[in-house]
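Here's the structure we're looking at; comments come further down.
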Amino acid sequence: MHTQKRELIPVSSIIPFLLMAFGLAWSILAFFIFLPELATEIFGKLTGQHPLFFLGVYSPAIAAFMIVGYYGGYKDIKRFFSRILMWRCSVDWYAFILMVVPLVFYVGSYIKGTLWGNMYPFDSMQALFTALLLAAIKGPIEEFGWRGFALPLLQRKFTPISSSLILGVIWGVWHFPVFLLSGTQQSNWSFAPFFVGCIAISVIVTVLFNASRGSIFLAALFHFMLMNPIFPDAEPYDTYLLVIIAIPIVWFNRRTMFTKEGAVTEVIPY
């Protein structure tokens, strides 16, 4: 009976999901891009800490919860949310997230020549904890939408490698408007390396998501580590290194990446 309820969330629901995720985030950013004076007068300057910026970042998660609630009600919303409590996975993946990802940033910053420039960019412990908290409650929340909702639906129709490439492209395009908004961190970056990085990250997270049987916690932890404010600036070399890392990860997991064997296809866990 529960299986039937979960299957009531059809693959086609990815369309309203994308419409809501893009519509909410892009409408907020478009207001500040095309009508900056009016938007600033009404809401104040849009920064990475502005409530509207958080609302835009949360749009994939908001869309996912709305659709799950529409099809499954409160009980299935709780089951969907329980993916954040799923933590069991190979210790190799924890080692990758907690050891290899930091190494990517330190090696990348060394290549860039910024490793020794600003090793500790915080003037107090309070500033450090505030930055860590904001990083933890911002980008990682996206994973309820991208990996928790969209990826299982895509994997019903496509292999994990194809699903991750499709989702990586969508994820990268979703970020595009923030590169046009002055005052954001991304406005100082080149979009092309970031876009390629989104695809590489999507591939890596797909392997992680399936290996953990659909853990949003591990996907969110990986996302947090990628934006950890403690790490030095390594852009765009961190992206290049992640692309290189993604290749052997796909190769060693080719049996599960190029077939649907082991792919998580349910939005709501059993």
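The values are calculated or read from the model by the stated rules, or taken from the named source; none is laboratory data. Treat the numbers as computed from the prediction; the structure is a model and nothing was measured. FYI the Cβ positions are ideal-geometry reconstructions off the backbone, even for glycines, and counts take in every protein chain you see. In case anyone asks, the SASA skips ligands and DNA or RNA and just uses the protein heavy atoms, side chains included. Shrake-Rupley method; radii C 1.70, N 1.55, O 1.52, S 1.80 Å.
Residues in the range 227-254 that are aliphatic (A, V, I, L, M) and modelled with pLDDT of 95 or more: Leu241, Leu242, Val243, Ile244, Ile245, Ala246, Ile247, Ile249, Val250. Residue-level check: of (1) farther than 26 Å from Phe158 by Cβ; (2) over 19 Å from the mean Cα position of the chain (by Cα); (3) open to solvent by less than 60 Å² (accessible area, probe 1.4 Å), Phe53 misses just (2). For the range 170-192, the set of residues classified as in a helix (DSSP H, G or I), surrounded by fewer than 16 Cβ atoms within 10 Å (Cβ to Cβ) and not aromatic (Phe, Trp, Tyr) consists of Val173, Leu180, Gln185, Ser187, Asn188, Ala192, listed by residue number.
Taking (1) at pLDDT below 95; (2) exposed (fewer than 14 other Cβ atoms within 10 Å of the Cβ); (3) more than 23 Å from Leu208 (Cα to Cα); (4) not β-branched (Val, Ile, Thr) in turn, Arg88 satisfies each apart from (3). All conditions but one from (1) under 21 Å from Glu142 (Cα atoms); (2) surrounded by 13 or more Cβ atoms within 10 Å (Cβ to Cβ); (3) at pLDDT below 95 apply to Glu7; the one that does not is (1). Among (1) in contact with a Leu (Cβ under 6 Å, 6 or more places away or on another chain); (2) surrounded by fewer than 17 Cβ atoms within 10 Å (Cβ to Cβ), which single condition is Ile28 missing? So Ile28 meets the others, but not (2). Here Gly73 meets each of (1) surrounded by 14 or more Cβ atoms within 10 Å (Cβ to Cβ); (2) over 25 Å from Ile249 (Cβ atoms) with one exception, condition (1). Residue under question is Tyr270, and the condition is that it be of a type in the set (Phe, Trp, Tyr), in contact (Cβ under 8 Å) with a residue 24 or more places away in the chain and outside any helix (DSSP H, G or I); does it hold? In short, yes. In the range 112-162, the qualifying residues are those that are without any contact (Cβ under 8 Å) to a residue 60 or more places away in the chain and over 26 Å from Phe231 (Cα atoms), and the one that is most open to solvent (accessible area, probe 1.4 Å) is Phe158. Restricting to the range 223-264, count the residues that are in contact with a Lys or Arg (Cβ under 8 Å, 6 or more places away or on another chain) and either of a type in the set (A, V, I, L, M, F, W, C) or surrounded by fewer than 17 Cβ atoms within 10 Å (Cβ to Cβ) (or both). The number of residues fulfilling the criteria is 4. Scanning the range 163-185 for residues that are over 14 Å from Ala25 (Cβ atoms) and either in contact (Cβ under 8 Å) with a residue 40 or more places away in the chain or touching a Gly at 6+ places or on another chain (Cβ under 7 Å) (or both) yields Ser163, Ser164, Gly183, Gln185. Among the residues making up the range 206-265, those that are among the polar types (S, T, N, Q) and not in a loop (DSSP other than H, G, I, E, B) are Thr206, Asn210, Thr239, Thr256. Is one or more of the residues making up the range 78-86 of a type in the set (Val, Ile, Thr), outside any loop (DSSP other than H, G, I, E, B), more than 22 Å from Leu218 (Cβ to Cβ) and touching a helix residue (DSSP H, G or I) at 6+ places or on another chain (Cβ under 9 Å)? Checked the range 78-86: no residue is of a type in the set (Val, Ile, Thr), outside any loop (DSSP other than H, G, I, E, B), more than 22 Å from Leu218 (Cβ to Cβ) and touching a helix residue (DSSP H, G or I) at 6+ places or on another chain (Cβ under 9 Å). Just so you know, in the range 245-258 the residues that are in contact with a helix residue (DSSP H, G or I) (Cβ under 8 Å, 6 or more places away or on another chain) and β-branched (Val, Ile, Thr) include one that is farthest from Asp76 (Cα to Cα), and it is Ile245.
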